[in-house]
1. Within the bounds of the range A:115-122, is there any residue that is more than 16 Å from A:Leu181 (Cα to Cα) and in contact with a strand residue (DSSP E or B) (Cβ under 8 Å, 6 or more places away or on another chain)?
2. Right, C:Ala29: surrounded by fewer than 20 Cβ atoms within 10 Å (Cβ to Cβ) and either more than 20 Å from the chain's Cα centre (by Cα) or away from every other protein chain (no Cβ under 14 Å) (or both) or not?
3. Is at least one residue of the range C:68-89 in contact with a Phe, Trp or Tyr (Cβ under 9 Å, 6 or more places away or on another chain), at pLDDT below 90, more than 14 Å from chain B (Cβ to nearest Cβ) and surrounded by fewer than 13 Cβ atoms within 10 Å (Cβ to Cβ)?
4. For the range A:243-267, which positions are under 13 Å from A:Leu52 (Cα atoms) and modelled with pLDDT under 90?
5. Filter the range B:161-183 down to the residues that are at the interface with chain C (Cβ under 9 Å from one of its Cβ atoms) and surrounded by 24 or more Cβ atoms within 10 Å (Cβ to Cβ) and list them by number.
6. Going through B:Leu223, B:Leu199 one at a time, which residue ends up being buried (at least 21 other Cβ atoms within 10 Å of the Cβ) and within 29 Å of B:Leu7 (Cα to Cα)?
7. Which one is farthest from the other protein chains (Cβ to nearest Cβ), of the residues in the range A:133-170 that are closer than 20 Å to C:Ala132 by Cβ and not in a helix (DSSP H, G or I)?
8. Look through the range B:225-244, keep the residues that are more than 13 Å from B:Ala171 (Cβ to Cβ) and of a type in the set (Ser, Thr, Tyr), and return whichever of them is farthest from the other protein chains (Cβ to nearest Cβ).
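The values are calculated or read from the model by the stated rules, or taken from the named source; none is laboratory data. Keep in mind it's a predicted model, so treat the numbers as computed, not measured. Ideal geometry is used to build each Cβ from the backbone, glycine not excepted, and the neighbour counts take in all protein chains shown.
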Amino acid sequence: MSANVAAAAKSAPASGETPAISVKDLRKCFGDHEVLKGISLEAHKGDVISILGSSGSGKSTMLRCINLLETPDSGEVRVDGELIKMKQGRDGHQMPADIRQVERIRANLAMVFQSFNLWSHMTVLENLVAAPTHVLKRPRAECLEQAEALLKRVGIWERRNYYPPHMSGGQQQRAAIARALAMNPKVMLFDEPTSALDPELVGEVLRVMRSLAEEGRTMLVVTHEMGFARDVSSKVMFLHRGEVDSVGEPKEMFARPPTPQFKQFIANFNK
Amino acid sequence: MEFLNDLRDQVSTAYALLAAGWGVQLLWGIAWTLAVTIVSMLIGAVLGSLVAAAKLSHRGGLRFIGESYTTVFRGEPELLIIYLFYYGGTQVLTGVARSTGSIGSTDILNMPSFLGGVLAVGIISGAYQAEVFRGSFLAIHRGELEAARAYGMSAWLRFRLVIVPQVLRLAVPGLGNVWQLTIKDSALISVTGVAELMLTANKAARSTHHSLLFYTLAGILYLVMTSVSTPIFEKAERYTSRSFMRPK
Amino acid sequence: MDFDFYLSTMWSVLKALPLTLEIWFFGIAFGLLIATGLTWMRASGYKLGEYFTRGYVFIFRGSPLLVQLYLIYFGLSQFDFVRHSPVLWPILRDPMYCTIVAMALNTAAYESEIFRGALRAVPVGQIEAAKAFGMSAFTRFRLVTLPIALRLALPAYSTEIILMTKATALASVVTIMEMMGTAQKIQHDTFRPIEVLTCAGVIYLLLNLSIARLFAWVEYRLSPHLRPPPEQSQQIKPVPEVL
């Protein structure tokens, strides 16, 4: 780890405010392959953190460890100060101690996936209403009203009665973002939201994400969009081979890459 | 415990009964079952490839005949088809023989039960084989046929050198399924009096009053026949698709 | 052609249709229950459940239904405890119940394989999304996995139901006078098997075609997401061939 990590830690507000997400020393192996070698991260309210790294650097795995879609081998994850309790499973691996707690926390961390993962047998509107009514137990009428408003916001209200397979990738991803917003999440997790899109459809999704950032949402974004990382995010984190290589202010990081790896990484992108 | 005692009695009588001649009878039963299945599969292969060709034809009339064949023979109870060929065959044979005067006007000329059975099971098998062949033909890579045409091969040559080997290769797993289906269908022709495994088990069960024993034995023997054929078809699949594997 | 004979035969066989449908319905209903149990055992992740299901499927798919029927009807009564059981004996001495039991046990093996395949074919990403939105395992199953799996299982399931219609004819070999049994009796009485069996055949075929149509319709209704989007849906998709 470089000295920048310490610098970034120092830049966090000194007041005792609880971070929205705090990850400490996360480790994860797939078989013999160690994907995460002790990753730490803190996201405060209103932070937009872009997580960069070449494929295989562990960035998606890290994001998926935060909402326990992957179970970390060791390390701790806190959401709003609440530690996700883990226990030792019978096979020696760690597992969540209280699945109810995990489900409650997941409902606060809406995720947007690379391949959208909209529920294909539900219309767009049903996709937006399913989790709020069944997980948050909110009244259906209220959820429907909110869902329509959100669909207007992301610009696909006309398609509210469509099934996902009938929409373009960009529309599906905007629907997926609206579905995440319908949960009124504390933090939004974006797992390469534009990587599965045709180049001409990337812009419409990025515009929605930018507007979310501007209204002060807390976002963790795993992405390959250098423009978004540099111009929209409040912090950039670069992972290299399962470790945090560097963290910092986006403008600063891109102007003066702190490590040779990051320099190499952005050089490859600019080619 | 009563259960266990019952079971032990069954096992101890089993040996005696099998040694008393029923064992040999059952072996003959297996032989007949295999004979019925093999002949039916062959009849089915001929009919199946013709029906598949009809279903793939550009001519509407042929397509209709092919579709009707598979719909009817996959939609009717197997038992009905078997009765139709056995008793219906007897009806036709008797009618013909009576009118030519070769039997008396009250005599009956029975359909040979083996012939009636294999015709019925073969025709049913043909309906399923037709679907297998059709699926395999549709799975052939179009480019290979185009290539054959581009090299000036005649229709017959294309059929012999490209279509047949490819269809056979792709059809092997499906034919394995039809083979198992045909073994199981062959048990139904016991109703017409072919001394295959099912009828032998029936006779043994009735005359010895040990139905549990003989029907269990029959069940196990059918299981052996259907499961032994699985590795054979897997081997055939490996053989026919050898050009698609990496050289050793 | 003897038109009256055809008509009267048709009518006699049709009068046995309710009995055929009764066997069919209960065979399918109990089969579905058993298949659900088997699928659950297979998916539960317990080794014992998995081995049991595998063995079950191997036995019931690998041997003819007729053997299974005879084994249940003639074979099980060999056990004293079966003959003395107040629950089992009334069921197992009745050929109709035995046919239903044999059909249910047999179809359950095939159906559990169909359901297993359908569950495995549900896109992992959609289940993951349900997880990520905090749905509990039960909600996930009810809202996402089950509806998707049911749609995926429907074509193979309808084929299995048609096989069950054909299987009801086996009841005739254990003396039940359903359609096949009735047809056989008429055929023996009149010695006109071709005419009689043709009549029965027409009824069986119409029955199976209607079942196939019904399933195709259900499938069509349940999969709007697989059809063209709303503005293109004027072009009605032809009903898929099921038989």
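1. Within the range A:115-122, none of the residues are more than 16 Å from A:Leu181 (Cα to Cα) and in contact with a strand residue (DSSP E or B) (Cβ under 8 Å, 6 or more places away or on another chain).
2. Values: surrounded by fewer than 20 Cβ atoms within 10 Å (Cβ to Cβ): yes; either more than 20 Å from the chain's Cα centre (by Cα) or away from every other protein chain (no Cβ under 14 Å) (or both): yes.
So C:Ala29 passes the test.
3. Scanning the range C:68-89 turns up no residue that is in contact with a Phe, Trp or Tyr (Cβ under 9 Å, 6 or more places away or on another chain), at pLDDT below 90, more than 14 Å from chain B (Cβ to nearest Cβ) and surrounded by fewer than 13 Cβ atoms within 10 Å (Cβ to Cβ).
4. Listed by number, the list holds a single entry, A:Ile266.
5. B:Ile183
6. Numbers: B:Leu223 fails: buried (at least 21 other Cβ atoms within 10 Å of the Cβ).
From the options B:Leu223, B:Leu199, the qualifying one is B:Leu199.
7. A:Arg138
8. Residues of the range B:225-244 more than 13 Å from B:Ala171 (Cβ to Cβ): B:225-232, B:234-235, B:238-239, B:242-244.
Okay, now just the ones that are also of a type in the set (Ser, Thr, Tyr), so B:226-227, B:229-230, B:239, B:243.
Values: B:Thr226: 4, B:Ser227: 6, B:Ser229: 10, B:Thr230: 9, B:Tyr239: 24, B:Ser243: 30 Å.
By that ranking, first place goes to B:Ser243.
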